Amino acid sequence: MSRKVLEDILTPQLQELREKGLYNVIDTVEGPNGPIVTINGKDVINMSSNNYLGLANNEKLIQKANEATKQYGVGAGAVRTINGTMTIHNELEKRIAEFKHTEAAIAFQSGFNCNMGAISAVMTKKDAIISDELNHASIIDGCRLSGAKIIRVKHQDMDDLRRAAKEAVESGAYEKIMYITDGVFSMDGDVAKLPEIVEIAEEYGLLTYVDDAHGSGVMGNGAGTVKHFGLSDQIDFQIGTLSKAIGVVGGYVAGTQQLIDWLKVRARPFLFSTSLTPGAAAACIEAINIMTESTERVDQLWENGRYLKEGLINLGFDIGHSETPITPCIIGEETLTQQLSRRLMEEGVYAKAITYPTVPKGTGRVRNMPTAAHTKEMLDQVLAVYEKVGKELGVIQV
Ligand SMILES: *Cc1c(COP(=O)(O)O)cnc(C)c1O
């Protein structure tokens with residue numbers, strides 16, 4: 001009975017998505033997520049991962065994960081607040097705080113969970129959250145979960161932020177007001193204007209929350225966008241992920257000891273979901289050690305980003321206004337964007353098309369994520385394929 005009803009609900013919806021070409025078919029990666037990946041038995045240059053520093057399949061991280069698995073087991077066995085806090089979790093949090101130059105840190109099972117847990121641990125329905133319109137889905141969901149009034153402001157528009165902050169303060173309707181933003185925006189690669197944000201926050205008494213998922217391991221010699229601007233003690237919440245540049249899985253909040261103490265009793269994914277596996281925690285610690293010992297990988301990432309950008313600009317592509325290695329090729333029209341991505345794949349370059357509703361209509365782009373692990377030869381090959389396919393589709397001049 002219930003199966004039949006569910007089927008009736010899902011059939012037309014799935015059909016509609018498929019008819020509109022909006023049903024996402026997921027590619028399977030047949031091996032590690034390195035600079036070259038195997039998909040459908042074919043080796044292609046991978047321009048789609050968040051494995052910025054090439055750490056996801058790093059031998060040292062694998063070794064540390066194996067050692068910790070032998071020592072602690074494959075699972076933590078409980079949530080952090082019962083008895084799933086192991087020595088390795090405490091060590092990870094201590095290393096994160098040192099690396100971020102904050103008093104303390106708390107680790108979660110994912111960056112998504114951080115936003116689910118941290119926002120609603122502090123903000124309530126008596127409060128307001130001012131949110132950049134291009135903030136990540138997990139920020140949006142975390143804000144909704146808190147019950148606070150959500151005030152969307154124009155992307156990176158400091159005048160609009162100032163206006164919204166002033167209005168919210170003068171309304172007298174809210175106990176607290178927070179401004180929340182991505183540190184690095186993943187679709188365009190632009191960086192939050194933190195010095196100005198801090199200034200506005202001080203003027204209007206806003207709490208500040210920076211989700212630096214794409215900035216950690218990338219900006220500030222790896223320590224993130226807040227560190228890049230030298231504002232470590234002026235941002236209340238620094239969120240990071242352990243799943244992108246760090247190469248493993250997990251997320252964290254770095255901040256004052258008091259904030260972390262509070263999150264440890266109020267952030268629900270910390271209280272009600274089993275902790276990170278010991279192997280993942282150990283691998284994350286090793287990733288931080290590697291970034292602390294040398295800036296070599298971060299430097300290589302930026303050099304590769306610079307090289308790719310220069311090459312694409314010289315070919316005549318519009319790469320938007322990225323300030324980070326994230327390099328979109330903005331095409332505009334949705335079907336043409338899909339077509340470009342498909343042709344790149346046929347020619348051995350795996351770069352995903354990103355179209356409406358992920359980005360605004362008419363701003364479809366193929367997004368390139370260079371990493372430290374790409375060689376110059378690979379990037380030259382990527383550029384050669386872009387030239388060939390771009391001319392073929394009339395995206396660039398012959
Ligand atoms: C990717 C991302 C997340 C989610 O991080 P996971 O660790 O993959 O769950 C959260 N916030 C932002 C801004 C992201 O880009």
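The values are calculated or read from the model by the stated rules, or taken from the named source; none is laboratory data. Everything numeric here is computed off the predicted structure, so don't read it as measured data. Cβ placement follows ideal geometry from the backbone for every residue including glycine, while neighbour counts extend to all protein chains displayed. When the accessible area is computed, the model is the full protein with side chains, heavy atoms only, and any ligands, DNA or RNA have been set aside. Shrake-Rupley method; radii C 1.70, N 1.55, O 1.52, S 1.80 Å.
Using only the C-alpha atoms of the range 78-232, find the volume of their convex hull and express it per residue in Å³.
On the way: hull volume 17.6 nm³, N = 155.
Roughly 114 Å³ of hull volume per residue.
When DSSP beta bridges are limited to those with both residues in the range 1-158, what percentage is antiparallel, rounded to the nearest 5? Can you show the working numbers first?
Numbers: 5 of 10 bridges.
Looking only at bridges with both residues in the range 1-158, the antiparallel portion is about 50 percent.
Put one equal scatterer on each alpha carbon of the range 161-221, apply the Debye formula with no solvent term, and list log10 I(q)/I(0) at q = 0.25 1/Å to two decimals.
The Cα Debye sum returns log10 ratios of -1.01.
Give the residue from THR363, VAL395, ALA373 lying farthest towards the positive end of the charge dipole for the range 351-398; charges sit on Cβ (+1 for Lys and Arg, -1 for Asp and Glu) and the dipole is referred to the Cα centre.
THR363
Determine which aspartates and glutamates satisfy two conditions relative to LYS388: a Cα distance under 14 Å, and not lying fewer than 8 residues away in the same chain.
Output for LYS388: GLU346, GLU347, ASP380.
Across the chain, where is the longest run that never hits trypsin sites (Lys or Arg not before Pro) in a DSSP loop with at most 13 other C-beta atoms within 10 Å? It would help to have the intermediate numbers written out before the result.
Numbers: sites that count: LYS20, LYS125, LYS126, LYS361.
For trypsin sites (Lys or Arg not before Pro) (loop position, at most 13 other Cβ atoms within 10 Å), the longest site-free span of the chain is 127-360.
Please give the per residue volume of the convex hull enclosing the alpha carbon atoms of the chain, rounded to a whole number of Å³.
Numbers: hull volume 66.7 nm³, N = 398.
Cα-based convex hull of the chain, divided per residue, equals 168 Å³.
Given that compact globular proteins tend to follow 2.2 N^0.38 Å, what is the ratio of the alpha-carbon Rg of the range 201-309 to that value?
Working: Rg = 15.4 Å, N = 109, 2.2 N^0.38 = 13.1 Å.
Output field value: 1.18.
Under a plain spin-label model, where a point goes 7 Å from the Cα along Cα-to-Cβ, how far apart in nm are GLU323 and ASN57?
Placing both labels 7 Å beyond Cα along the Cβ direction yields 3.4 nm.
Taking the Cβ of ASP27 as the centre, find all other residues whose Cβ is under 13 Å away and add up their charges (Lys, Arg: +1; Asp, Glu: -1). Let's see the in-between values first.
Working: positive: LYS42, ARG342, LYS352; negative: GLU30.
My count for the surroundings of ASP27 gives +2.
Taking the Cβ of LYS376 as the center, what net charge do the other residues with Cβ under 15 Å away carry, scoring Lys and Arg +1 and Asp and Glu -1? Provide the component values of the computation, followed by the final result.
Details: positive: ARG306, LYS309; negative: ASP299, GLU303, GLU310, GLU377, ASP380.
Net charge around LYS376: -3.
Taking 4 °C and 1.567 mPa s as the conditions, I'd like the Stokes-Einstein D for the range 46-88 in µm²/s, using the Kirkwood hydrodynamic radius from alpha carbon pairs.
Working: Rh = 12.5 Å.
Translational diffusion coefficient: 104 µm²/s.
Compute the Rg to Rh ratio over the range 281-371 from the alpha carbon atoms, using the Kirkwood formula for Rh, and round to two decimal places. Walk me through the numbers before you get to the answer.
On the way: Rg = 15.8 Å, Rh = 14.6 Å.
A ratio of 1.08.
Post the alpha-carbon centroid distance, the range 160-233 to the range 80-145, in whole angstrom.
Using only Cα atoms to place each centre, the spacing works out to 15 Å.
Over all directions, average the projected area of the Cα convex hull of the range 223-273 and note it in nm². Spell out each step's value before the answer.
On the way: hull surface 15.9 nm².
So the mean shadow area of the Cα hull is 4.0 nm².
Can you give me the solvent accessible area of HIS374 with a 1.4 Å probe, rounded to the nearest 10 Å²?
Surface accessible to solvent at HIS374 totals approximately 10 Å².
Which of ALA121, ALA78, ALA353 moves most in a GNM of the chain, Cα contacts under 10 Å?
ALA78
Among residues other than VAL389 whose Cβ falls under 14 Å from its Cβ, what is the net charge (Lys/Arg +1, Asp/Glu -1)?
Computed value for this residue: 0.
Taking 8 Å as the Cα distance limit and 6 or more residues as the minimum spacing, I'd like the relative contact order of the chain as a percentage. Don't skip to the end; give the middle numbers.
Details: 795 pairs, mean separation 85.3, N = 398.
Normalised by residue count, the contact order of the chain is 21 percent.
Under a point-charge model restricted to the Cβ atoms of Lys and Arg (+1) and Asp and Glu (-1), what is the dipole moment magnitude of the range 186-314 relative to its Cα centre, in debye to the nearest 20? Show your work: numbers first, answer last.
Numbers: 9 positive and 17 negative charges, 108 e Å.
Its charge dipole is roughly 520 debye.
Relative contact order for the range 1-47 using alpha-carbon pairs under 8 Å, separation at least 6, rounded to a whole percent?
Numbers: 30 pairs, mean separation 9.1, N = 47.
Once divided by the residue count of the range 1-47, the mean separation gives 19 percent.
Name the residues whose placed amide hydrogens come within less than 5 Å of the amide hydrogen of ASN368, ignoring near sequence neighbours (fewer than 5 apart) on the same chain.
Correct list: THR327, CYS329.
What is the magnitude of the charge dipole of the range 277-316 about its Cα centre, with +1 placed on the Cβ of each Lys and Arg, -1 on the Cβ of each Asp and Glu, and no other charges, expressed in debye to the nearest 20?
Working: 3 positive and 6 negative charges, 37 e Å.
The dipole magnitude comes to about 180 debye.
Just the projected area, averaged over all directions, of the convex hull on the alpha carbon atoms of the range 4-121: how many nm²?
Mean shadow area of the hull around the Cα atoms is 13.0 nm².
Per residue, how much accessible area does the chain have with a 1.4 Å probe, in Å²?
Details: 18410 Å² over 398 residues.
For the chain, the solvent-accessible area averages 46 Å² per residue.
Rank GLY320, THR11, GLN257 by how far each Cα sits towards the positive end of the charge dipole of the chain (+1 on Lys, Arg Cβ; -1 on Asp, Glu Cβ) and give me just the farthest.
THR11
Kindly state, to the nearest 0.05, the FRET efficiency for ARG144 paired with VAL265, given R0 = 30 Å and r defined as their beta-carbon distance.
Values: r = 22 Å, r/R0 = 0.74.
Efficiency computed from Cβ-Cβ geometry: 0.85.
Roughly what % of DSSP beta bridges within the chain run antiparallel, to the nearest 5? Before the final figure, lay out the partial values.
Numbers: 23 of 42 bridges.
Here the share of antiparallel DSSP bridges comes out near 55 percent.
If I take every Cα pair under 8 Å that is 6 or more residues apart in the range 190-277, average their sequence separation and divide by the length, what percent do I get for the relative contact order? Let's see the in-between values first.
Working: 105 pairs, mean separation 17.9, N = 88.
About 20 percent, as a whole number.
Calculate the dipole size of the chain relative to its Cα centre from +1 charges on Lys and Arg beta carbons and -1 charges on Asp and Glu beta carbons; express the result in debye to the nearest 20.
Working: 40 positive and 51 negative charges, 212 e Å.
Once rounded to the nearest 20, the dipole reads 1020 debye.
Among the listed pairs LYS176/LYS264; LYS125/LYS227; LYS244/LYS309; LYS20/LYS352; LYS193/LYS264, give every one whose C-alpha distance is greater than 24 Å. Walk me through the intermediate numbers first.
Details: LYS176/LYS264 21 Å; LYS125/LYS227 31 Å; LYS244/LYS309 21 Å; LYS20/LYS352 18 Å; LYS193/LYS264 30 Å.
Listed pairs above 24 Å: LYS125/LYS227; LYS193/LYS264.
Run through the DSSP bridge list for the range 137-289 and note the antiparallel percent, rounded to the nearest 5.
40
Quick one: check the C-alpha center-to-center distance for the range 3-20 versus the range 234-275, whole angstrom.
Cα centroid of the range 3-20 versus Cα centroid of the range 234-275: 38 Å apart.
Return the tail of the calculated pair distribution for the range 10-49, meaning the percent of Cα-Cα pairs more than 17 Å apart. Intermediate results must be reported in sequence, preceding the final value.
Numbers: 360 of 780 pairs.
Taking all Cα-Cα pairs of the range 10-49, the fraction more than 17 Å apart is 46 percent.
Once amide H atoms are built 1.01 Å from N in the peptide plane, which residues 5 or more positions from GLY320, or in another chain, come under 5 Å H to H?
Counting only residues 5 or more places away or on other chains, the set is ILE330.
From Cα coordinates alone, what are the radius of gyration and Dmax values for the range 288-331 in angstrom?
Just the Cα atoms of the range 288-331 yield Rg and Dmax of 13.0, 40 Å.
Which percent of the accessible heavy-atom area of the chain goes to carbon and sulfur, probe 1.4 angstrom? Write out the running numbers ahead of the final one.
Values: 9490 of 18410 Å².
Roughly 52 percent of what the probe reaches on the chain is carbon or sulfur.
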